[in-house]
Amino acid sequence: MFLSLCYVSSNGSASSRKLNKRLKETAETVVIGGGCVGTSIAYHLAKAGMKDVVLLEKSELTAGSTWHAAGLTTYYNPGINAKNLHYYSIKLFEQLEEETGQQIGFHTPGSIRLLGTPERMDEARYQMQRQGWNKAPQWLISAEEVLEKFPLLNPNKILGGLYNPGEGHIDPYSLTQAYAIGARKYGADIYMPAPVTSLVPRSDGGWDVETEHGTIAAKRIVNAAGIWGQEVGRMVGIEHPLIPVHHQYVVTATIPEVAALKEEVPVIRDLEGSYYCRQERSGLLFGPYEKSHMMRLQEDWVTDGVPKGFGKELYESDLDRIQEHTEHAMEMIPVLAKADIQSVVSGPIIYSPDLLPLLGPFQGLRNYWAAVGFSYGIIHSGGAGKFLSDWILNGEPPYDLIEMDPNRYGKWTTQEYTAIKARESYGNNNLLGYPKEDRLGGRPTERTSGVYEKLRRRGAEYGFHSGWEQPHWFALEGDEAGYKPSYRRTNWHMPVGREYEMVMKTAGIMDLTPFAKYDIKGKDTVAFLDNLVANKLPKVGYGAVCHMLTPRGRVYAEITLTRIAEDHFFCITGSGSELHDLRWIEEHAVNGQYDVSITNCTDEMGALTIAGPSSRDILAQLTDEDVSHEAFPFMTMRQMSIAGVLCRAIRISYTGELGWEFYHKRGDTEKLYDGLISAGEPYGIGDFGVYAMNVMRIEKGFRMWGQEMLTDNNPIEAGLSMFIKMKKKSDFIGKDSIRRIKEEGVKRKLVLLKVDTDNIDPEGNETIRVGDKVVGNTTSGCFSYNLNQSVAYAYLPLDLTDLGTKVKVELLGNHYDGTVIKEPMLLTEPMREKIKRQAEAAN
């Protein structure tokens, strides 16, 4: 049942009204959707100087979700990259009214996340350690300070608060109108009512955008259609994983105690009660997030579409569903208990499986950009508009935001999965956020390797990697099994140490099936790849670690290229960047008009690795091929039979130890695994997981994409110069920028720190200080079982990168001593072997 709050024409169809002006025939960019996100994109593109920006709105601006939003504005975000969106949005809101002349009702009383348990205090300290090196102000305050700022709270339920000055709330309708005014001011055209009826790809890579009023030939389209985003996606053959959620908030009538306040109180978020509350004139507005089993999805809209004519309607309210949270709110804010309800708003907001929007270009479709799935669209709107505009205009993202990449989902993301995860994400909205968080809803998907069940029986504790299940560690007899999240060392600490020791002393086996895998072949393959990557291409039978750089010289991706034949390369990249990297590769192949074919064989191929000093002896028992160092040197590839399974065997290991990776038909994984385990039993082979591998790669000095290198970094400061071949003839993407960076010099550098902690280890994104000054941040970290203490990679200014330099690393409110040490801590097996052979030759 819907409650209509919008104007409907006499014939009952909003879309049949006359268009507000004559439709253009061509456009550089067509933005579909006139909510706060769509209008922000149009505003930013036009302001940046793009001509012929068109926005099409099916009925009227803000229809769908924007108009009824609570309008909360936050600097705070538990993630790192999304903080940039929030910060930009708030800074934009501060000046948008003056720029456009449109009042936007922006209130900035600050906000407080209430901390009522010791665990919440730890969570706040965890977030503080990640915030210090970021832009926005944030600090912990005492219970007394919380009550000073919001005197209506129950003092018996508060231990402290996480305070962000400058946060608050805004009028979503007025904000959207301001974006629209700004967009028109800079030359954009906004048409409404102009529902899109069809999207037809053109041979030149553009789109024919068909409406009831005519067709626009567009160079690119941006799907910013909000709750209709899935329907627009289906017009181009995409099933975006989105689902509408019922979200309710309650607005009270005047409360005398609120009316008597001298200034507006901060927005509060009661994390234990799972609701937010802000002042609304002389009353209060509070909105809960129900538990997963209580919340409601509008699943029929996924299958049947949004009802025709829906625009500014609401769902029927259901106060029983939020009763538990209402009682929490009345306990925390006693004046609520005697307040009269003025209105209840229950409207649709759109959810993706992980709560984050889909923002960016889409793999497999030229010039189709997504800006959908914004469950927090108001605060994301300004930053998202700027981010997308910069990417469209400059050909690369302005900073790393891969967690919002629309290509993080794939064919494995079913409607059932989307519904389960949306329910989980909504219900767990205010759950404690831990390091290495792993949520179990909707798992496993169809993406399991051929040894999934076998490894589970052998103690595998699985993590989730782009739909795949991959062992993080193994709980053996006597270990405390299960997912036990903690801000300190937890149940996997000792088992991971055992796995580490096994690989270092004998041999271990690991499932690498989630790695993304592509075959690239064709007559232009060499010219194409030589332009795409900064390293030299390997010879036939050899492999090379390569980096795809952006035009600005940032690290877009790290891949391993193995040359199967003169014009055939096998490309491997991380599971989390499968379609992210594939989209970039395909885009540059098309733009450069290269005659190549690119096949994603990720789901068809399994992958196992063995590593450790005994791995050669184990492998030798399973093949007729010579696997000696002379016959099978480091970074070479052989197509060979192993335990009766045809494999692409590559001598490489992310552990840095002697090892091989075996790529094979996915259906043969169990046979290959059984052969390796059987042959390895006399040597003490066992299973190891992602956590142990991470320790070994840090100790060997290996960088990880998304941690040490990403589109926020250039390869010189990341210590990747050995992979950037400036003397090769090809003008690879980013070469000119790298030349300029080298000439100007870098201002910071990646270093390795040993950190003197106690029962806690760095994981990355911790703040680093010298005295009271923030000087840098960690990128990744672990407990080094070799040094028997914590270590971390970190970016520091050049004057702090000398060996022995002392810094302080913040962890849970403590500032631990950190010291710059030599890297790598341990030489890789190939380097150790090289030194050994040189010494033997010298003697």
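Please treat every number below as a calculation from the coordinates, not as lab data. If you're wondering where the values come from, they're calculated on a predicted model, not measured in any experiment. Counting neighbours? That spans all protein chains shown, and the Cβs are built from the backbone with ideal geometry, glycine included.
Each peptide in 254-265, 34-45 was scored by the mean count of other Cβ atoms within 10 Å over its residues; highest first, the order is 34-45, 254-265. Applying a DSSP loop filter and a limit of 15 other Cβ atoms within 10 Å to the trypsin sites (Lys or Arg not before Pro) in the stretch 114-146 leaves Lys135. Taken one residue at a time, the phi angles of the stretch 632-640 give Karplus couplings (6.51, -1.76, 1.60, θ = phi - 60°) of 9, x, 4, 6, 10, 10, 10, 8, 8 Hz. Gly and Pro are set to x. Compared with the direct C-alpha span, the chain from Ser292 to Ala842 gains 191.1 nm at full extension, assuming 0.36 nm per residue. Once the Cα-Cα distance is subtracted from the 0.36 nm per residue extended length, the Ile835 to Glu743 segment shows a gain of 29.8 nm.
Between 0 and 90 degrees, the angle of helix 415-427 with respect to the longest Cα principal axis of the chain falls at about 70 degrees.
For the chain, the mean residue ellipticity at 222 nm estimated from helices alone is -8000 deg cm²/dmol, where every DSSP H run of n ≥ 4 contributes -39500 (n - 2.57) and the total is divided by all residues, rounded to the nearest 500. Each Lys and Arg Cβ is given +1 and each Asp and Glu Cβ -1; about its Cα centre, the chain then shows a dipole of about 1960 debye. On a C-alpha basis, how far is the centre of the stretch 378-397 from the centre of the stretch 689-728 in Å? Whole number, if you could? Between the Cα centre of the stretch 378-397 and that of the stretch 689-728, the gap is 27 Å.
Compute the helix-to-body angle for 82-100: its Cα long axis versus the longest principal axis of the chain, expressed 0 to 90° and rounded to tens. Orientation of helix 82-100: about 30 degrees from the principal axis. Remark: the Cα gyration tensor places the stretch 512-586 in the oblate category, a/c being 1.5 or greater and a/b not exceeding b/c.
This ranking places Glu424, Glu327 by how few other beta-carbon atoms lie within 10 Å of each, fewest first, which gives Glu327, Glu424. The fewest-to-most ranking of Glu586, Glu98, Glu446, Glu578 by surrounding Cβ atoms within 10 Å reads Glu98, Glu446, Glu586, Glu578.
Here is the list for the stretch 386-486: trypsin sites (Lys or Arg not before Pro) lying in DSSP coil, each with at most 11 other C-beta atoms within 10 angstrom of its C-beta, are Lys411. Projecting the alpha carbon convex hull of the stretch 38-126 along each direction and taking the average yields 8.3 nm². Among Tyr275, Tyr179, the order by Cβ neighbours within 10 angstrom, fewest to most, reads Tyr275, Tyr179. In whole angstrom, note down how far apart the Cα centers of the stretch 254-291 and the stretch 561-599 are. The two parts, judged by their Cα centres, are 52 Å apart.
Dipole magnitude for the stretch 747-843: about 440 debye, using +1 per Lys or Arg Cβ and -1 per Asp or Glu Cβ, origin at the Cα centre. Restricting the calculation to Cα atoms, every distinct pair contributes to the Kirkwood radius of the chain, found to be 28.7 Å.
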